[in-house]
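Below is one structure, written out as structure tokens; the observations come after it.
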Amino acid sequence: MDQMHQLCAPYGAVLTPLTALSSSTGYNLYENAHDVQPTGVKRYEINDMLQKIMSIVNERLDDAQERKHAFNSHSMQPAFFQVLCEIKEKIAINLRHLPEDEPSDPQLMRLDNMLMAEGVSSSSSTAMNAVNASVNGTSGHGNNVDSDSALDHSDYRAKLAQIRQIYHVELEKYEQHCNDFCSHVVTLLREQSQARPITAREIDRMVDIIRKKFSSIQLQLKQSTCEAVMILRSRFLDARRKRRNFSKTATEVLNEYFYSHLSNPYPSEDAKEELARKCAISVSQVSNWFGNKRIRYKKNIGKTQEEANMYAAKIASQAARQGRSGRESPDY
DNA sequence: TGAAATGATTCGGC
DNA sequence: GCCGAATCATTTCA
């Protein structure tokens with residue numbers, strides 16, 4: 001009887017279900033040890049059975065299998081199963097109180113979106129499109145760097161492809177391990193369901209729990225992949241690292257505009273577009289150039305006077321030439 | 001090789 | 001959203 005108490009102690013109030021066993025199964029466990037149950041099973045047989053259960057973990061697998069078989073075919077097995085059912089009914093976690101579907105992890109969603117945008121977690125063709133868009137589009141520094149950056153871009157693509165490959169290999173490994181572990185647990189629980197009450201829904205629930213635990217590994221993988229992509233991007237696509245001076249012609253065109261509009265060196269949007277077109281750079285580069293020029297002109301107004309005079313003379317001679325040829329000065 | 005020049009970015013103000 | 005100012009990162013030049 002003590003062993004029965006020890007066995008059931010972790011389950012909490014064991015005496016009640018065991019008492020209930022008396023009425024529900026017809027076995028009276030609490031009468032004296034010499035009593036014989038209605039089925040003819042003596043109380044020491046229960047102790048014997050429980051002893052076997054307790055010692056099963058210390059045994060070799062083959063012996064354990066043998067004992068398990070003995071337990072399953074034991075005449076008291078249905079009664080024991082019934083006791084466990086009643087214990088479970090009283091103390092087990094009620095699945096109805098557990099949320100069925102937890103909302104997706106927002107951090108995981110962000111990482112997924114980023115990996116998708118970077119072309120890491122999408123299909124190969126989509127991935128390459130994303131990579132191309134990222135290389136050609138977001139660098140956004142005009143075309144003055146395009147001619148000699150093709151090599152860098154192919155290097156960038158190669159390294160991104162490497163990251164993508166590592167990510168997929170690791171993800172596959174992770175999924176394999178997760179599936180293996182889940183199927184192992186399912187097999188184990190199904191086997192155990194012969195000895196203790198486990199429903200299919202509870203097994204599914206357990207699989208869900210395991211998958212959620214495993215998802216932290218997935219999160220870590222996605223995080224480190226994102227970090228690798230970020231480092232790669234900053235190394236290859238950082239504009240400041242890729243800075244090239246504008247062509248001499250472009251600088252001349254910008255300077256001509258600046259010094260011919262010295263009283264108000266703020267080109268309109270249309271003028272910026274026109275200058276961008278003439279200089280073969282982007283509008284934002286024109287804006288940057290004028291922003292820098294205004295500040296640096298102001299800072300070094302004495303030093304830049306010579307430059308100002310030079311462009312003033314150039315503009316004047318151009319105007320004179322155009323006047324002679326009957327054409328008006330350029331209007332941006 | 002170090003200083004100057006230059007294009008881009010960031011940040012606060014309007 | 002544009003601008004001035006400060007700063008960064010790179011290129012150019014003596």
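With 31 Å as the limit, the listed pairs A:90/A:212; A:68/A:88; A:248/A:303; A:52/A:212; A:88/A:213; A:222/A:272 have A:52/A:212; A:222/A:272 beyond it between alpha carbons. Given +1 at the Cβ of Lys and Arg, -1 at the Cβ of Asp and Glu and no other charges, the dipole of region A:248-324 around its Cα centre is 240 debye to the nearest 20.
Here the spin labels are modelled as points 7 Å beyond Cα on the Cα-Cβ line, and at residue A:287 and residue A:88 they lie 6.6 nm apart. Excluding ligands, DNA and RNA, the accessible surface per residue across region A:248-324 is 61 Å² with a 1.4 Å probe.
What a 1.4 Å probe finds exposed on region A:248-324 is 51% carbon and sulfur by accessible area, rounded to a whole percent.
The values are calculated or read from the model by the stated rules, or taken from the named source; none is laboratory data. Keep in mind that what you see is a predicted model, and the values were worked out from it rather than measured. Glycine also receives a Cβ, built like all others from the backbone with ideal geometry; neighbour counts cover every protein chain displayed. These area figures cover heavy atoms from the full protein model, side chains too; ligands, DNA and RNA do not enter into them. Shrake-Rupley method; radii C 1.70, N 1.55, O 1.52, S 1.80 Å.
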